[in-house]
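Structure first, commentary second.
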Amino acid sequence: MMLTKLSPMLVLISAALAFMSASSTAHLRAVSITVNAGAHDRSESIVTFELPAELTGLGYELRDSRGISTPLSIDQKRRATFILRELKAGESKTYAVVKSKVGSERKNAVALTGDQDHIDVTLNGSKVFSFVGKPKSLPEPNVKPVFLRGGYIHPVYTPSGRIVTDDYPSDHYHHHGIWFAWTKTQFESGHPDFWNVDDGTGRIDAGVANIYAARGNVLGAFTSSQSYVALTGGLPKVALTEEWDVRVYNIGQTSKSRYFVFDITATQQCATSESLKLEEYRYGGMGLRGHPDWKDKTKVKFLTSEGKTREDGNATRGRWFVMSGPVDGQTVNIAVLDHPENFRSPQPMRLNPDDPFFNYAPSQLGPFAIKSGEPFLLRYRYIVSDGAPNPDELNRLWNDYANQPKVTVAIK
């Protein structure tokens, strides 16, 4: 048999075709995920995993063995999120990761509208909350300009449309719905207070808010930036930067139980080579101010995951906290869930004895520092619903938050 000697050009062409074929085959490799419920029954569980590099672009969904599709939301960091509707304890379910069908994203349940100054969030047309970016004006002429701030969430609504938060209350103008601030600190040679801004030692400036998932049938999301400005030196100086990643999820909308769920992940970093030192103090960190009617102590109830109330729960630690009371003739509630990876979790709590105010305050356990070059993360999940709080349901929701179902990615 005679062997034909190929020309150098044909050799190059053959090699190129072989490479293209191999690349095409690699690109078409099947990707699947297996979800394991673990030790708990799962119902409408939020599941997040890292999308493998083999999948480029953002348009994917999950498909089970029966051909039923589940929407998949993919963010700019390649984190994929979906809602696991039902899975019993100990069971697993496998999905193929496939390209989204044309038009599969038309039913957008979560919607975010606005700009860097103000964002409104709705779920199936119902208001969830508003984010105040850069503030425009004070609520009353007699409020001192030093209290003007942005970078917080208010109002927060229940599914029935009742508001559960307050803003600029007359007894504490520096309280703002859901907000973050530190109290007793040390920065360089000064002691700025970013919480009690009326003492003139510190303030928090709002930066840019950016909607990165404006519509979706899994979630909607945005980021925002804030700067902690020390006023204890010769000139104002940024001591700490903070970025929020806020996610609102399409769950809790069944006829049996309606509630809203959203997450705030706050990443704080020192703006200079100087660490920000936190002194031991009874409050500071993430704050929640309840409805103005709840200023009447007979109209509000506090409850923690450990069964503590306003009377015996202050300065104790808890996986979750819930505040409830009547608004417009109906009992409503708002709960905060502490993530177990938070610093000093389960974090100690400030249950104010007089005002409808709650605060997860890690500084209660002693001084600590946010060190230069080391991001400091705080993660909380919020549950807002009508009716009296259900501790069993809050325990279930906390478990989903703290121990999400395990995801295994397979590539063939």
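FYI, it's all coordinate maths here, none of it is from the lab. In this text, all values refer to a predicted model and were calculated from it rather than measured experimentally. With ideal geometry, Cβ positions are generated from the backbone for all residues, glycine too; neighbour counts draw on all protein chains shown.
Quick notes on this one:
- Each of 176, 191 has some number of other Cβ atoms within 10 Å of its Cβ, and from fewest to most they run 191, 176.
- Links that overshoot a 18 Å alpha carbon limit, given the list 144/184; 144/277; 93/406; 237/277; 99/412: 144/184; 144/277
- Each residue of segment 43-57 was assigned a 3J(HN,Hα) from its phi angle through the Karplus curve 6.51 cos²θ - 1.76 cosθ + 1.60 (θ = phi - 60°); the sequence is 9, 6, 8, 7, 10, 10, 8, 7, 6, x, 5, 4, 9, 9, x Hz, with glycine and proline shown as x.
- Normalised contact order of segment 133-232, rounded percent, pairs of Cα under 8 Å and 6 or more residues apart: 23 percent
- Amide H partners (placed H, <5 Å) of residue 133, local residues excluded: 118, 119, 151
- Of all aspartates and glutamates in the structure, the ones whose alpha carbon falls short of 19 Å from that of residue 88, not counting any fewer than 8 places away in one chain, are 41, 44, 64, 392, 393, 400.
- Fewest-first ordering of 244, 195 by other beta carbons within 10 Å of each residue's beta carbon gives 244, 195.
- Positive dipole terminus of the chain, leading residue within 232, 372, 74 (C-beta point charges): 74
- Table column - 3J(HN,Hα) (Hz), segment 111-128, Karplus curve with 6.51, -1.76, 1.60, x for Gly and Pro: 9, 10, 10, x, 9, 5, 8, 6, 10, 10, 10, 10, 10, 6, x, 8, 5, 9
- Relative contact order for segment 110-402, counting Cα pairs under 8 Å that sit 6 or more residues apart, in percent: 17 percent
- Debye, to nearest 20: dipole size of segment 110-402, +1 on Lys, Arg Cβ, -1 on Asp, Glu Cβ: 380 debye
- Table column - 3J(HN,Hα) (Hz), segment 363-374, Karplus curve with 6.51, -1.76, 1.60, x for Gly and Pro: 5, 4, 8, x, x, 7, 9, 8, 8, 4, x, 10
- Peptides 113-121, 312-320 ranked from most to least packed, by the mean per-residue count of other Cβ atoms within 10 Å: 312-320, 113-121.
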